[in-house]
1. Check Ser31: other-chain or 5+ apart residues with amide H under 5 Å from its amide H, H built from backbone geometry?
2. Label Arg339 and Thr49 with points 7 Å out from Cα along Cα→Cβ: what is the distance between them in nm?
3. Quick one: with all protein chains in place, what share of the accessible area of the stretch 6-69 is carbon or sulfur, to the nearest percent (1.4 Å probe)?
4. When DSSP assigns beta bridges and you keep just the ones with both residues in the chain, what percent turn out antiparallel, to the nearest 5?
5. Please work out the average accessible area per residue across the chain, using the 1.4 Å probe convention, and give it in Å².
6. Each label point is 7 Å from the Cα along the Cα-to-Cβ direction; what then is the distance between the points at Ser318 and Leu190, in nm?
7. Mind jotting down a quarter of the surface of the convex hull over the alpha carbons of the stretch 253-378, in square nanometres, one decimal?
8. Count neighbours as other Cβ atoms within 10 Å of each site's Cβ, and list the chymotrypsin sites (Phe, Trp or Tyr not before Pro) in the stretch 304-378 that are DSSP loop with at most 16 such neighbours.
Amino acid sequence: MDVSRLERVVVGSVGGREPAVWAEGRTVSLSSELLDRTGWRRFLDASGTLSLPGDVEIPTLDDVVRLREQAAFTDHPPASSRLPVSYQYVPGWARAIVGASIGRLNRSRTGHWARFPAWPLDLSADFVADMTSTASPMSALRTPVLLTHDIDSPEGLERLVADFLPLEEQAGARSTSYVVPCAWPIEYALADAVVSRGHDIGVHGYDHSNRTAFADAAERGRRLDAAAAFADRYRSTGYRAPSLLRTRALLRDLAGRYRYDSSIPTSGGLFPVPNNGCASARPFVAEGIAELPLSMPRDGSLRFLGHSPGEIAALWISCADAIARARGVVVLLTHCERRFSGNVAMLAAYRTLLEYIGADERFAFSSPLQAIASAGLP
Ligand SMILES: [Zn+2]
């Protein structure tokens, strides 16, 4: 991914342009070409602060799309999807140990893996959108909050039902769990209980071997179709790609099968590849399907970087606040396995966030389809 043509600037003033006032004080990335074409470069001081006057040339919707899609796709498979056997067969604890030690080394090196989008939250594309002449349809609404889980194992499904759903229901929320449909024996009684309690089930790939996005068209179609029986049983409307590996071809194939995809992070950080994400917290359409960006930093990445559960709760709250100010959608992913969020300390962090959201009038727990509709998408 080529981020060399982007420049980081601090938004000092948006020249009284009300929809974009939320961005004042934030750091965003803009293309050199945009800064030159609009003449904005004249208003950039030596410290990198951009102070725009009221009567300035504005960007176009093309500028928004270009920035949003610049790092949105993972065009090349990471090493894990080229292994001769699925990386899932490496025990979880072994992957966690390798991951955590690399993570602590990487924590202070965001310049390498989060040049764009910036970590933990980059709203550059939403800033550019609010500098165009087109108003965001989300401006008058409470901020939708979506709680999602990726269910990668039987343990994840068990802990979802035992530990996560009660917390969510206590807070007045319902969650969406994306379940791997074709890798391990699914305990259908548990999955049935999830939907009967008012929660959603979506589809999390095929067997989580990280190949679907890069397979040839026939193989990709076969893998997607293999999930159809599961998707029908639970009336699944959405898809999340395993390890968030996503290509334009995958999204095109999802368009005929699901109402939405939620595989593109706002700020992907280190995973699945460095410098990935759409730098937007608002639903948009890409390759013919509604995309619900995963706007909050993920539990796996945060644990990998060595953050404590208390730090994670604080970071989640500050990101949710920033997303609310920017009129985005809060989309959180937690994994229910013990080594991710299915343990006492991380469940306490999750509860802290749920209570914060539930007590604050700016937010409303929502479902994926409600959030997409609130953004004015089909
Ligand atoms: Zn997964």
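1. Under 5 Å from the amide H of Ser31 lie the amide H atoms of Glu7, each far enough along the sequence or on another chain.
2. 4.7
3. Values: 1620 of 3100 Å².
About 52 percent, which is the carbon plus sulfur part of the accessible surface.
4. Numbers: 10 of 37 bridges.
Taking every DSSP beta bridge within the chain, about 25 percent pair in antiparallel fashion.
5. Values: 15240 Å² over 378 residues.
Computed with neighbouring chains in place, this is 40 Å² per residue.
6. 3.5
7. Numbers: hull surface 32.5 nm².
For the stretch 253-378, averaging the hull's shadow over all directions gives 8.1 nm².
8. Values: sites: Phe304, Trp316, Phe340, Tyr350, Tyr356, Phe363, Phe365; in loops: Phe340.
Taking the stretch 304-378 and a limit of 16 other Cβ atoms within 10 Å, no loop chymotrypsin sites (Phe, Trp or Tyr not before Pro) are found.
The values are calculated or read from the model by the stated rules, or taken from the named source; none is laboratory data. Note that the structure is predicted; figures quoted are calculated from it, not measured. Don't worry about glycine lacking a Cβ; one is built from the backbone with ideal geometry, like all the others, and counts go over all protein chains shown. Side chains included, ligands, DNA and RNA excluded: accessible areas come from the protein's heavy atoms. Shrake-Rupley method; radii C 1.70, N 1.55, O 1.52, S 1.80 Å.
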